[in-house]
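The values are calculated or read from the model by the stated rules, or taken from the named source; none is laboratory data. The structure presented is a predicted model; accordingly, all values stated were derived computationally and were not measured. Neighbour counts are summed over all protein chains in view; Cβ atoms, including those assigned to glycine, are modelled from backbone coordinates with ideal geometry. Quick note on the areas: whole protein, heavy atoms, side chains included, nothing else; ligands and nucleic acids left out. Shrake-Rupley method; radii C 1.70, N 1.55, O 1.52, S 1.80 Å.
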Amino acid sequence: MADHGADELCSRSGNPDGEGQVSEDRSLIQQRLAIRELIDTEVSYLHMLQLCAYDIRSRLQQLLQEDLDVLFSNIDDIIKVNSRFLHDLQETASREEEQVYLIGNLFLEFQEEFERVYKVYCTSYDQALLLVEAYQKEPELQQQIQDIIVAVVPQAGRSGLSFLLVIPLQRITKYPLLLQKILENTLPDASAHPVLQRATSALQDVNANINEYKMRKEVASKYTKVEQLTLRERLARINTHTLSKKTTRLSQLLKQEAGLVPKMKDKEFDDLGERFQWVCLCVTELRNNVAAYLDHLEALLRFRPHEYNLDIPEGPMVQYCNLARDLQLEAFLEFKQRLESLVWRPLCSLAKALVGPQNLIKKRLGKLLDFERVEEKLLEVGSMTYEEEAARHTYQALNALLVAELPQFNQLVVQWLGQILRTFVALQGDLAKQVLQRAAGVMAQLPHRHISEPAFRKLVEDTLSQSSNQLHSFRENFEKVLPPPTTQPLLPGSERQVQSLLSRYGPGKLYQVTSNVSGTGTLDLTLPRGQIVALLHNKDTKGNSSRWLVDTGGHRGYVPAGKLQLYHVVPTEEKIRGQAGLHRVSQHLTLAPTPAPAPIPTVTQVVAAYPFVARSSHEVSLQAGQPVTVVEAQDKKGNPEWSLVEVNGQRGYVPSSFLARAPSPAPWGWSVPS
């Protein structure tokens, strides 16, 4: 048959018309051969992919699953796409007259799918080669892999994994060459010629886009790495090039802020960046809220009133304790575990996934300044250095990558957030159902189980109201018999400060600190117990009435309102009369301590009338009724309100009003005035 065609070609070559016909026939034969090569190589290629995915990958059990995912990447997606492509390609053989036209259209139809699946594989190819190099350093493992590959694909030879992994890259780059070969043997006036031209150009664009995508991913992986460097390591990385680059960027930024040079605006990226920041804020807020929720849940699990003896008769209380114990050990604990695994951990993973894009956006700002400077120079000089061209290209790659992938990333994060929130709501619903189911049996045994819900609410409200009235009445009676709060003794040497505050603010504004105050905020004060302060305002700047603004006579700041009580200033004459009256009473009843300090002879044995807690190393603690030895009846400044005493071998100051003279022994108790 071929000889007959050759003889026919020779017979036609004798005349000019015959030569043209021979040329067309030769082109047609070459075209048919190119089409046959395309189909046959596609069959072999798909068969090789299936061997890799179904035979070799399943036998490499000694490798980690993570390594297999990197080595074979998305080979399953490639098999699906190329299987459909080969099926449609073989279908064109039934329509021989339109086959070339159909092949061109077929490549145009699969253009986007080819780019989508092959760019993922090509991007992970470099990581796969790194794994292959790592395996080569382990001879035993390398030999096992080699034996498996040779058993399935003998033609792989010593290349092994490298031979298999490069096949998809070779195939996608060969498509334009195969189409070009068919195009060269297609007549220019044929209807299939423009379609083949578009298909060839489209596959060339696919390869160019894959290379561009791979380059962008390499730039992204370079700048998304988070390195935990010490200060010494950071300083070691500083060199003249780094300083020059940072200085140039700072200069460019200052010129933009001063309005000397225009700032480049990219509305598309600005909108995407703003949405990304909003998404990051949502993730951060939700993470903080879930963390607080878990803390509160942990506090709830630590609170176990059912484990204590509440001294309540048996009955509903026992049922409550059983239910509470059941919920504590099973329902709430299971809810916490599910919350951590289904909400908290995915949320932490989502927050971690945001770090890479955040670093890319931060790097883009610096690269944008470099790009703007290079563009200015290009307009002025018309040329740029190799390094400047590389900086320009880096910015373009980063910006194109962010603009292309931020919309999808933002959408995925929003979907992820929505799924986490829906899971959280579902967990809450499951917990409520579980609690109601567990409580159903207990509720059936309660005495009020037959009462309707409105009537039960009314019963609970009435019971609570009655209990509240009883508590209120008890508090009023208790306050009537409760002795007035004891005023804390003044600190040594504070009389002058009190007089200063009294003259400046008046007696109605003076308060005394009832317990030690430790300031935690910037404007909070740290004060000892007994300190006298003047009230400036009974609220802070945010309207919080639990923090009062006070003046100590030297500093102003905030203290908790609950640690202040009004200081009652006793006039001098009244104080003198009180001291005289108390002195007369003390002649008859020596046990009662004097509110105002009375001089106590040096080295006198007395007793502590009230307990006292030392607030500093200069003071000593007392217990009521404890024997005390008075060393000096005044402090170092001569203030009689404080006495230097010795208790259990320790010396320190105590308020003189807390001491009482030790009574002389009497055969039948204390002497009472007649």
Would you mind checking which residues have amide H under 5 Å from Leu659's amide H? H placed 1.01 Å from N; only 5 or more apart, or other chain. Ala609
In this model, which of Lys217/Lys367; Lys509/Lys539; Lys263/Lys352 are farther than 21 Å apart at the alpha-carbon? Lys263/Lys352
Counting only other residues whose beta carbon sits under 11 Å from that of Pro407, what net charge do I get with K and R as +1, D and E as -1? -2
So how compact is segment 507-573: Cα radius of gyration and Dmax in angstrom? 11.8, 43
Given a 1.4 Å probe and every protein chain left where it sits, what share in percent of the accessible area of segment 276-395 is carbon and sulfur? 56
How about segment 506-547: which trypsin sites (Lys or Arg not before Pro) there lie in a loop by DSSP and see at most 10 other Cβ atoms within 10 Å? Lys542
In the neighborhood of Arg116, defined by Cβ-to-Cβ distances under 12 Å, what is the net charge if each Lys or Arg adds +1 and each Asp or Glu adds -1? -2
What is the diffusion coefficient of segment 293-421 in µm²/s, taking the Kirkwood radius over Cα pairs and the Stokes-Einstein relation at 37 °C with a viscosity of 0.692 mPa s? 163
Determine one quarter of the surface area of the Cα convex hull of segment 63-108, which equals its mean projected area, and express it in nm² to one decimal. 3.9
Net charge of Cβ neighbours under 13 Å - reference Val630; Lys, Arg +1; Asp, Glu -1: -1
What is the packing order of peptides 197-203, 560-566, taking the mean over residues of other C-beta atoms within 10 Å and listing the highest first? 197-203, 560-566
Segment 389-460: percent of C-alpha pairs farther apart than 19 Å? 68
So, in Å, what gap is there between the alpha-carbon centers of segment 167-201 and segment 249-268? 47
